[in-house]
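S.K.: The following block contains the structure, expressed as structure tokens.
The values are calculated or read from the model by the stated rules, or taken from the named source; none is laboratory data. Since this is a predicted model, take the numbers as computed values, not measurements. Using ideal geometry, Cβ is built from the backbone for each residue, glycine included, and neighbour counts are taken over all protein chains shown. With ligands, DNA and RNA removed, areas are computed over all heavy atoms of the protein, side chains included. Shrake-Rupley method; radii C 1.70, N 1.55, O 1.52, S 1.80 Å.
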Amino acid sequence: MIRCSRENAASRIMLQRWRTSACVTLLVSWCALASASPSLVSTPELDAFAHKAMQTFDTPGMAVTIVDGDVITTHTYGVRKLGDAAPVDAHTIFPIGSNTKAFTTAALAILVDQGKLRWDDRVVDKLPGFRMYDAYASSEMTVTDLLVHRSGLGLGEGDLMMFPTSDRSRAQLVHDIRYLKPARSFRGGYDYDNVLYIVAGALVEAVSGQSWEDFVQQHILDPLQMRDTQVSIDAAPADKVSLHAKNTTAVRGVGKQSVLTTVMTGKVFAPAGALQVSAADMGPWLRLQLDSGQLDKSRRIFSEAAAQMLWTPQTLIPISASPKPLALAQPQFEAYALGFEVQDYRGHKIITHLGGVLGGVSAVVIIPERRAAFAIMLNSEDVGTLFAMREHLLDTLLGLPSPDWTASYQQVFDGINASAVAALKSPATATHAARGPSLPLSQYVGVYRDPWYGTATLGQDSKGALTISFDHSPGMHSTLEHVQYDTFRTHWTMPDVEDAYVTFALTPDGSIDQMTMKAISPIADFSWDYQDLRFTPVHATK
């Protein structure tokens, strides 16, 4: 689950008792401190801003890492879990979602440096079982194409193969990508996806002979001494945060903050978004980026040429006008590189990426001209806090006058949430429950298959109500409530899963032709890609 561009995040991410405690840790890089310029970041001022943002958006906990020249500082706030007094500290572990992608591209860069791979190698030559829906894309897709969101797949297409959980292996997912029908032509434009980073992880395995997890651990995490970092989303050390969301109403992001009981699990999606990282560990990673792959005076993780490639723009990202309160931060240029975005911020080039899982969001920002970088990690979906902190830190490190970003984002997200709530109450969603269904409920029962997801099973419970289970997503089970005609809606028993409309189309003879779905919330995250599913009966009762 990932949020890439500013516009996508503002329009699609769900918004969100705070308590803060600040902790600052100072680390020194191998470069001489005598060459470092004084930091522009004032800890008391940053703490005050963080307190206000967290209070405004009701954020439980946050960790910030800042690299400014040769000095690394960590700043931690709040609690690991609502209702628990344990504070966030520099070694508390947060999931970073799609900020994992930069580790996957770095792993590929290491293989390029080793002469085992080239960026323009055809994927099918290194991973013979790889296929896309389109034959031309299958034969011509390069390693670079895998990483830059120009494959032709639609936004988030295929995410339900691994989100929020899956019983598939990584190899099975790579195989099933061939059934994803493209939304546009190969290299025809930008649409963010996650599934091709799973292919990138499989490519690391095929070329290196090591699992993605072992390769990243041995070649990146261990040399950087990132001792807190976990390569599995399922790892549960004692100092791991709990994840939170506002999910007590029909619109996620509206309501009371609560601890999530459903979180993303499973090994399959690791190369796209499974890393869990502490603020202390983020420092060496950010410094490595600023030092173009240099580990110390005599060692490198990856070459300077590889570092340049990771930041080279590849796919232009369309820019939409920002809401008026955010106009000052409107980029004039934005493109996707390899696991990073390249854009401008108030006239300055930055390298950045966002990350998200159920209940947690993160941001990484690198300012090459200042030799500065920072990361922000939250244990909630409060992107208002995330973005306000991001803009504030950018302004501070660049020495720019800074508006009240907390108030600006509060205004924008309050408007988004209000519109979403209004849309659910509008006449357009009026129902005619007395009309339909067309068939006795028993005739909807059966197994349905979608080409890329696989099977879903419809049954009836002890009271005769229809039920649906996503067979490759353990625990994703729901009763179906009739809405109107041949449309029903879910009430998933797995908490925190976005509900959806389920609609059946009939053939002229009255049998079921297909079953389609659509998220109910107008601001559902794109990873709930129900709209891409086209189920047809396998053993449906007639």
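S.K.: Would you compute, from DSSP H runs of 4+ residues alone, the mean residue ellipticity of the chain at 222 nm, taking -39500 (n - 2.57) per run and dividing by the full residue count, rounded to the nearest 500?
M.R.: After summing the helix terms and dividing by residue count, I get -7500 deg cm²/dmol.
S.K.: Holding the Cα-Cα limit at 23 Å, pick out from LYS52/LYS256; LYS101/LYS126; LYS81/LYS101; LYS52/LYS81; LYS81/LYS246 the pairs that are longer than that.
M.R.: The pairs that break the limit, which is 23 Å between Cα atoms, are LYS81/LYS101.
S.K.: With every protein chain present, what is the per residue accessible area of the stretch 85-242 (1.4 Å probe, Å²)?
M.R.: Numbers: 5330 Å² over 158 residues.
The answer is 34 Å² per residue.
S.K.: Classify the stretch 153-278 from the C-alpha gyration tensor, please: rounded if a/c falls under 1.5, else prolate or oblate depending on whether a/b exceeds b/c.
M.R.: Note, shape of the stretch 153-278 comes out oblate.
S.K.: Using +1 at the C-beta of Lys and Arg and -1 at the C-beta of Asp and Glu, which of SER208, ALA183, GLN172 has the Cα lying farthest in the positive direction of the dipole of the stretch 162-218?
M.R.: Final value for the positive-end residue is ALA183.
S.K.: Oh, and also: Of the labelled options (1) 28.7, 109; (2) 22.2, 67; (3) 23.4, 82, which one gives Rg and Dmax of the Cα atoms in Å as computed for this structure?
M.R.: Answer label, from the structure shown: (3).
S.K.: Moving to a separate point now. How large is the charge dipole for the chain, taken about the Cα centre, if only the Cβ atoms of Lys, Arg (+1) and Asp, Glu (-1) carry charge, to the nearest 20 debye? Mind dumping the intermediate values first?
M.R.: On the way: 45 positive and 55 negative charges, 79 e Å.
So the dipole magnitude of the chain works out to roughly 380 debye.
S.K.: Under a point spin-label approximation (7 Å from Cα along Cα-to-Cβ), what is the ARG346-LYS181 distance to one decimal in nm?
M.R.: 4.7
S.K.: Now a separate question. Taking the Cβ-Cβ separation of ASP471 and ASP84 as r and a Förster radius of 35 Å, what is the calculated FRET efficiency to the nearest 0.05?
M.R.: 0.45
S.K.: Kindly list the residues of the stretch 134-164 that lie in the label zone of THR312, defined by a backbone N under 16 Å from the point 7 Å along the Cα-to-C-beta vector.
M.R.: Only 142-149 pass the distance filter.
S.K.: Computing the accessible area with a 1.4 Å probe over protein heavy atoms, can you report the carbon and sulfur percentage for the chain?
M.R.: 53
S.K.: On to the next question. How do ILE416, ILE351, ILE319 stack up against each other in accessible area, from largest to smallest, with a 1.4 angstrom probe?
M.R.: On the way: ILE416 35, ILE351 0, ILE319 65 Å².
In descending accessible area the options line up as ILE319, ILE416, ILE351.
S.K.: Identify, among LEU117, TYR444, THR352, the residue whose Cα sits farthest towards the positive end of the charge dipole of the chain, taking +1 on the Cβ of Lys and Arg and -1 on the Cβ of Asp and Glu, with the dipole about the Cα centre.
M.R.: TYR444
S.K.: Before I look further, what does the stretch 393-542 give for accessible area per residue, probe 1.4 Å, in whole square angstrom?
M.R.: 44
S.K.: State the Cα centre-to-centre distance between the stretch 270-304 and the stretch 119-149 in whole Å.
M.R.: 27
S.K.: Putting +1 on Lys and Arg Cβ atoms and -1 on Asp and Glu Cβ atoms, find which of THR503, HIS51, ASN247 reaches farthest to the positive end of the dipole of the chain.
M.R.: Result: THR503.
S.K.: Per residue, how much accessible area does the stretch 279-365 have with a 1.4 Å probe, in Å²?
M.R.: On a per-residue basis, 34 Å².
S.K.: Peptides 135-144, 446-455: what's the order by average Cβ count within 10 Å, highest mean first?
M.R.: Values: 135-144: 17.1, 446-455: 19.3.
Per-residue mean Cβ counts within 10 Å order the peptides as 446-455, 135-144.
S.K.: With r defined as the distance between the Cβ atoms of LEU441 and GLU140 and R0 fixed at 41 Å, what FRET efficiency is calculated, to the nearest 0.05?
M.R.: E between LEU441 and GLU140, to the nearest 0.05, is 0.30.
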